[in-house]
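Everything below concerns the one structure shown next.
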Amino acid sequence: MSDLTTVLINTVSVLVGLCIAVGAMLVFASKVFKVETNPLVDEVASLLPGANCGGCGFAGCASCAEAIVLSGAPINSCPVGGYDVAKQIGVVMGQEISESEKAFPFVRCQGGQAHCTTLYDYHGVESCKAALMLCDSTKGCTYGCIGLGTCVKACQFDALSMGEDGFPVVNKNLCTSCGNCIAACPNGILTFARDSEKVHVLCRSHDKGKDVKAVCEVGCIGCKKCEKACPAEAIKVTDFLAEIDQEKCTGCGACVEICPQKSIELR
């Protein structure tokens with residue numbers, strides 16, 4: 001046998017020995033450091049829709065399942081799955097849940113191009129956040145909807161589109177109430193609202209009345225006429241802006257009738 005052959009045989013022998021040793025170490029490590037998983041986590045995860053949208057407040061569906069099983073998160077944490085998924089998870093977890101009224105994104109502004117002054121024509125990245133980096137707002141009202149569709153881009157379910165007046169329009173048939181559009185809006189224009197909540201203030205401005213009227217025809221001026229007219233004491237004006245306590249509101253429409261700016265809507 002030549003010296004070269006001997007070297008090759010020895011080299012192969014060493015490599016085979018190393019492979020066997022490393023394999024044995026990996027097997028040993030997998031047993032020693034094995035992390036036991038709760039089978040309920042996998043079962044709950046299989047019931048979730050797999051959208052991984054983050055609407056539940058967790059990193060994804062797997063994290064949501066872990067939180068429900070291991071940390072006591074509500075079984076209805078997934079807004080995309082809704083009541084049907086929550087009910088199935090309840091069966092797995094041995095919990096009961098009653099169906100609650102669904103809430104959808106609602107636009108708290110009506111100061112579009114026809115009602116609110118425009119400071120300048122924006123030409124750049126189609127992003128509300130990008131526009132805010134140049135100025136407080138492209139409109140006279142710094143609290144209003146900028147209208148560049150950041151919320152629309154944040155929706156993974158094509159439930160939002162931009163209307164002709166420059167405001168997002170919600171398609172309730174496609175909306176999963178994940179809340180991504182609400183989180184994406186830099187001015188906080190979008191908020192959740194239930195269909196049973198009939199009266200809404202369509203403004204977010206905290207500017208004084210004279211400043212609001214100087215830039216917007218339909219902004220709340222904090223005159224408190226609505227507050228005085230409400231028989232249920234469901235509406236209060238704080239920092240020049242009317243806010244409605246939906247638990248007290250009866251939907252009588254008295255505030256809507258008396259509002260000089262038409263800033264309150266009855267739908």
Backbone N under 16 Å from the ASN171 label point (7 Å along Cα→Cβ), restricted to the range 105-145
105
Taking H placed 1.01 Å from N in the peptide plane, check which residues at least 5 places from ALA193 or on another chain put their amide H under 5 Å from its amide H.
PHE104, PHE106
Any DSSP H helix in the chain with Cα axial reach of 30 Å or more and mean Kyte-Doolittle score of at least -1.0? Listed by number, the hits are 3-32
If one builds a Gaussian network model of the chain from Cα atoms under 10 Å apart, the most fluctuating residue listed among THR11, THR238, THR142 is THR11
Once both label points are put 7 Å beyond Cα along the C-beta direction, the GLN113-ASP211 separation in nm becomes 2.7 nm
Of SER196, GLY94, ALA131, which is farthest on the positive side of the dipole of the chain, counting Cα position, with +1 on Lys and Arg Cβ, -1 on Asp and Glu Cβ, and the Cα centre as origin?
ALA131
In whole Å, how far is the Cα centre of the range 84-98 from that of the range 110-145?
45 Å
Classify the chain from the C-alpha gyration tensor, please: rounded if a/c falls under 1.5, else prolate or oblate depending on whether a/b exceeds b/c.
prolate
If R0 is 35 Å, what FRET efficiency do you get for LYS262 and MET93 from their C-beta distance, rounded to 0.05?
0.15
In debye, nearest 20: dipole of the chain around its Cα centre with unit charges on the Cβ of K, R (+) and D, E (-)?
540 debye
Residues with amide H under 5 Å from that of ILE264, placed H, sequence gap 5 or more:
LEU202
One finds, for TYR83 and MET25 with R0 = 41 angstrom and r their Cβ-Cβ distance, a FRET efficiency to the nearest 0.05 of 0.25
Using the Cα gyration tensor of the range 91-240, with a ≥ b ≥ c the square roots of its eigenvalues, what is the shape: rounded (a/c below 1.5), prolate (a/b larger than b/c) or oblate (neither)?
oblate
Rolling a 1.4 Å sphere over the protein heavy atoms, what is the accessible area per residue of the chain, to the nearest Å²?
58 Å²
Tell me which of PHE106, ALA159, LEU15 sits at the most positive position along the dipole axis of the chain, charges placed on C-beta atoms (Lys, Arg +1; Asp, Glu -1).
PHE106
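The values are calculated or read from the model by the stated rules, or taken from the named source; none is laboratory data. Predicted, not measured: the structure shown is a model, and the values here were computed from it. All Cβ positions, glycine included, derive from the backbone under ideal geometry; neighbour counts span all protein chains shown. Ligands, DNA and RNA are stripped out before the accessible areas are found, and what is left, the full protein with its side chains, is counted by its heavy atoms. Shrake-Rupley method; radii C 1.70, N 1.55, O 1.52, S 1.80 Å.
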